[in-house]
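These notes are about the structure you will find just below.
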Amino acid sequence: MMESEMEKGRPYQEKPRTFSTVRSKSSIPLVFRVLMKINPRALIVLLLLVVCGVFYLGASTSPIIVFVFCICTLSLFFSLYLTKWVLAKDEGPPEMSEISDAIRDGAEGFFRTQYGAISKMACILALVILFIYLFRTTTPQQEASGLGRTTSAYITVIAFLLGAVCSGLAGYVGMWVSVRANVRVSSAARRSAREALQIAVRAGGFSAIVVVGMAVFGVALLYATFYVWLGVDSPDSMKVTDLPLLLVGYGFGASFVALFAQLGGGIYTKAADVGADLVGKVEQGIPEDDPRNPAVIADLVGDNVGDCAARGADLFESIAAEIISAMILGATMAQRCKIEDPSGFILFPLVVHSFDLVVSSVGILSIRGTRDSGLISPIEDPMAIMQKGYSITILLAVLTFGGSTRWLLYTEQAPTAWFNFALCGLVGIITAYAFVWISKYYTDYKHEPVRLLALSSSTGHGTNIIAGVSLGMEATALPVLVISVAIISAFWLGRTCGLVDELGDPTGGLFGTAVATMGMLSTAAYVLTMDMFGPIADNAGGIVEMSQQPESVREITDILDAVGNTTKATTKGFAIGSAALASFLLFSAYMDEVAAFAQLPFKEVDIAIPEVFVGGLLGSMLIFLFSGWACSAVGRTAQEVVTEVRRQFIERPGIMDYKEKPDYGRCVAIVASASLREMIKPGALAILSPMAVGIIFRILGHATGQPLLGAKVVASMLMFATVTGILMALFLNTSGGAWDNAKKYIETGALGGKGSEAHKAAITGDTVGDPFKDTAGPSIHVLIKMLATITLVMAPIFL
């Protein structure tokens, strides 16, 4: 029987001709193509010169920067080891590698087109920033240090473009590894579940280490370059405490690329997924990832461009924004407290994330393969194995964080301040663990919420939707309570550390919150590893199904896929928690910057002023409008996919009997062009709204004698958008993840199993949840941080 099915399936083993055109252009980025043409010896000499130049910059700046560069270099070698280890694994039989090639071609083709469009928009925005900065006012500190408008403009534009390039590269790395690891995980699943798990984790680990390492290295290199170029701390030049404000362009560039990557990739992956599920599973009754489904390749391509590439860019900009905001707050506090050597307080975030690379590497290596073959037993739960690795990472993070605070934050003015800051870091680490646990509780089908959601499917489609929406709303409570406790605890630990300004007022509160944010992100590389594991496992399951492997192999990839859904949901919880804390810090930095430019005190925002209240209302509205446009973009694109898939089933009836081959490329082309078109409107809304609101209320303020009105309204907009965005993202991410795993739970055989009425209702819920958890929800993480960085960069035009 199996043999005859394989024979029937042979038309699908041919490499899809529709993808040959995708490879007519090289998928390797231009930079790498140029480097490959250089003589190897000349390339080695060139690389050595670059390395020497980088370390010279570091040595001219601070020994701490040299330490950061050393850790980043070592992490690069570790990531190369992981790559070599993963790529050494076999790709399985030819039918597997042919499907993998089709996925890779589609992903790389879309990536090239998408990032081509994003790069053009980034260049236009860079010219706008240059124009604004050439005609803006300068702060007294900048004038005193001789930093003119022109220099300031070019510094901001260089930082913006570098942030954009690094963010794009982070996305490329995430996709590059996933499209090569998926087939190796599929092949390993034929032998051992543990081996498949290990390959998926190490492939995700490679991407995570490179993304975090690049974020740290990029900020450190920019800091060192500006330090040497501007002659910081020499007579009549800029003070080191003013330097971090020059880095905000880097964070804005990273956020800009991440937003469009997340929108475009999210629309692509979910439109393909919804279209494939609605026609394939519900109407035709064929399994998920069945080779007869014309949208199946587009769906598998979407996992890579939506989950891997976009999430890499998302986490990159999270870390970059948090490092820069913490550096600004550290510098501000050191200046107010008249600390003799402020470099420790400024560079502390870079050291924390350097140690993140070390502890996460240990956590990744702690997940080892075994020789046992077959299905994972209850004892060998993949989630438990990854949780064990996470526990090891957290334990090491606590130790290294404590050591870092003693090394860099010790000062004679307050000898015990470092201990208070170490406790702030511990608050952040506990917050991260709590967020991961809460997300797991609400989205893993081992726990009650998802099982109750699955049970609601047995009474119909409507009750499934009601239960999913109510679960998502309920799931906002615990994370908000955790984050509230974290912000207040860290603020008061910092405030009572003993550091005071000239007037004797305590000043460490905000920096305490910054340290807690660093604590939360001190295991970011391992959390990103768990996130990347999800789409790789999902793709592996698709390859197994399409190549018609035995049921036992599909059972292994199904277990890994279900765990991957949970790890993706936990990472989104982690990302929104860190986004909330980072936005709080960036908001404080924005108020400091406005005060410096306006030479007026700006310490609070009064929402009793009508215009300021309206700004808050507009901020909340922005989140809802953005989410609505993102979800409707998925809906419109999915409609095109559904129409195309139905057309193929009608016009090619032989598809269902394996006599005719679906046109996979047609669905890929539809989704690619539609997602690039649809990402523009919500992206433009996010960028233009704060600028338009600030300029309009600035004009109104000058007309009514309120000089800071524009800045105050933008501050209110930023605050309300952040609060609303946190709640909306938590709701969307959790409900979407719960719907997906409720379906997976029924597919294990519960409540009638595959094909039952409960299963059909669960598919409807999963379809509704798809744009929630993979398009609108993750895009809001980026949106609230981008609003904060764009207001920092554009602050002068609001005054």
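The values are calculated or read from the model by the stated rules, or taken from the named source; none is laboratory data. Keep in mind it's a predicted model, so treat the numbers as computed, not measured. With ideal geometry, Cβ positions are generated from the backbone for all residues, glycine too; neighbour counts draw on all protein chains shown. Keep in mind that these areas ignore ligands, DNA and RNA; they rest on the heavy atoms of the full protein, side chains included. Shrake-Rupley method; radii C 1.70, N 1.55, O 1.52, S 1.80 Å.
If you roll a 1.4 angstrom probe over the protein chains with everything in place, what fraction of the accessible area of segment 524-611 belongs to carbon and sulfur, to the nearest %?
Roughly 58 percent, rounded to a whole number.
Using the Cα centre as the reference, give the magnitude of the dipole from point charges on the C-beta atoms of segment 408-561 (Lys, Arg: +1; Asp, Glu: -1; all else neutral), rounded to the nearest 20 debye. It would help to have the intermediate numbers written out before the result.
Numbers: 5 positive and 14 negative charges, 53 e Å.
Roughly 260 debye for segment 408-561.
Sort out for me the Cα centre separation of segment 233-251 from segment 420-438, rounded to whole Å. Cα centres, segment 233-251 to segment 420-438: 30 Å. Distant-in-sequence amide contacts of SER237, defined by a placed amide H-H separation under 5 Å and a gap of 5 or more residues or a different chain, comprise nothing. ASP90 sits with roughly 60 Å² accessible to a 1.4 Å probe, with DNA, RNA and ligands left out of the calculation.
Summarise the long-distance tail of P(r) for segment 170-281 by giving the % of C-alpha pairs beyond 17 Å.
Numbers: 4431 of 6216 pairs.
Cα-Cα pairs in segment 170-281 separated by more than 17 Å: 71 percent.
What longest region of the chain stays clear of GluC sites (Glu not before Pro) that DSSP places outside H, G, I, E and B and that have at most 10 other Cβ atoms within 10 Å?
Values: sites that count: GLU14, GLU340, GLU412, GLU502, GLU604.
Maximal segment without exposed cleavage sites: 15-339.
So what's Rg/Rh here for segment 493-544, counting alpha carbon atoms and using the Kirkwood radius for Rh?
Working: Rg = 20.7 Å, Rh = 14.1 Å.
That ratio equals 1.47.
If you model the chain as an ellipsoid using its alpha carbon gyration tensor, with each semi-axis the square root of five times an eigenvalue, the axes come out at 44, 28, 26 Å, biggest first.
By how many nm would the segment from TRP85 to ALA117 grow when fully extended, if each residue of separation counts as 0.36 nm and the alpha-carbon distance is taken off? Answer, rounded to one decimal: 8.1 nm.
Straight-distance candidates among the aspartates and glutamates for linking to LYS388, with alpha-carbon spacing under 15 Å and chain neighbours fewer than 8 residues away dropped: GLU380. Which pairs, out of LYS120/LYS568; LYS270/LYS760; LYS281/LYS568; LYS572/LYS760, put more than 29 Å between their alpha-carbon atoms? Long pairs (Cα-Cα over 29 Å): LYS120/LYS568. In a DSSP loop and with at most 10 other Cβ atoms within 10 Å, there are no trypsin sites (Lys or Arg not before Pro) in segment 719-779.
Computed from point charges on the beta carbon alone (+1 for Lys and Arg, -1 for Asp and Glu), the dipole magnitude for the chain about its Cα centre is near 1120 Debye.
Per residue, how much space in cubic angstrom lies within the convex hull of the C-alpha atoms of segment 572-640? Intermediate results must be reported in sequence, preceding the final value.
Details: hull volume 9.0 nm³, N = 69.
In segment 572-640, the Cα hull volume divided by residue count equals 131 Å³.
Using the alpha carbons alone, the radius of gyration of segment 679-778 stands to its Kirkwood radius in an Rg to Rh ratio of 1.30.
SER343 sits among other residues whose Cβ lies under 14 Å from its own Cβ, and their net charge, with Lys and Arg +1 and Asp and Glu -1, is -3.
Is the shape of segment 411-514 rounded, prolate or oblate, going by the alpha carbon gyration tensor and its root eigenvalues a ≥ b ≥ c, with a/c under 1.5 for rounded and a/b larger than b/c for prolate? Prolate is the answer for segment 411-514, as a/c is 1.5 or above and a/b outweighs b/c. Between THR459 and LYS754, the contour length at 0.36 nm per residue exceeds the alpha carbon distance by 104.6 nm. Name all residues of segment 334-352 having a backbone nitrogen under 19 Å from the label point set 7 Å from the Cα of VAL228 along its Cα→Cβ direction, giving them as ranges. Those under the cut-off are 347. Each part gets one Cα centre, and for segment 161-214 versus segment 587-615 those centres are 43 Å apart. Counting every alpha-carbon pair across segment 744-790, the share separated by more than 13 Å comes to 63%. Between the helical axis of 509-520 and the longest alpha-carbon principal axis of the chain there is an angle of about 30 degrees. Roughly how many Å is it from the Cα centre of segment 287-321 to that of segment 746-785, as a whole number? With segment 287-321 and segment 746-785 each reduced to a Cα centre, they are spaced 15 Å. Of the whole protein surface, LYS239 contributes about 120 Å² of accessible area at a 1.4 Å probe radius.
Pop the C-beta distance of ILE466 and GLU640 into the FRET formula with R0 = 41 Å and round what comes out to the nearest 0.05.
Step by step, r from the Cβ atoms, then E = 0.90.
How much length, in nm to one decimal, is gained on full extension between GLU660 and ARG677, taken as 0.36 nm per residue of separation minus their Cα-Cα distance?
On the way: separation 17, 0.36 × 17 = 6.12 nm, distance 3.17 nm.
Taking 0.36 nm per residue and subtracting the Cα distance, the gain is 3.0 nm.
Legend: calculated FRET efficiency, ALA595 to SER237, from the Cβ-Cβ distance at R0 = 30 Å, rounded to 0.05, equals 0.85.
Kindly report the accessible area of the chain per residue (heavy atoms of protein chains, probe 1.4 Å, no ligands, DNA or RNA), in Å².
Numbers: 28120 Å² over 799 residues.
Averaged over the residues of the chain, the accessible area is 35 Å².
Accessible area of segment 367-519 with a 1.4 Å probe: how many percent of it is carbon plus sulfur? Carbon plus sulfur share of accessible area: 67 percent. In the distance distribution for segment 619-703, Cα-Cα pairs more than 14 Å apart total 73 percent.
Mean 1/r over all different Cα pairs, inverted: what Kirkwood radius does segment 540-612 give, in Å? Write down the numbers at each step before the final one.
Working: mean 1/r = 0.0593 Å⁻¹.
Its Kirkwood hydrodynamic radius stands at 16.9 Å.
Whole-Hz Karplus values for segment 297-304 come out as 5, 4, 4, 6, 4, x, 4, 7 Hz, taken residue by residue from phi with 6.51 cos²θ - 1.76 cosθ + 1.60 and θ = phi - 60°; glycine and proline positions read x.
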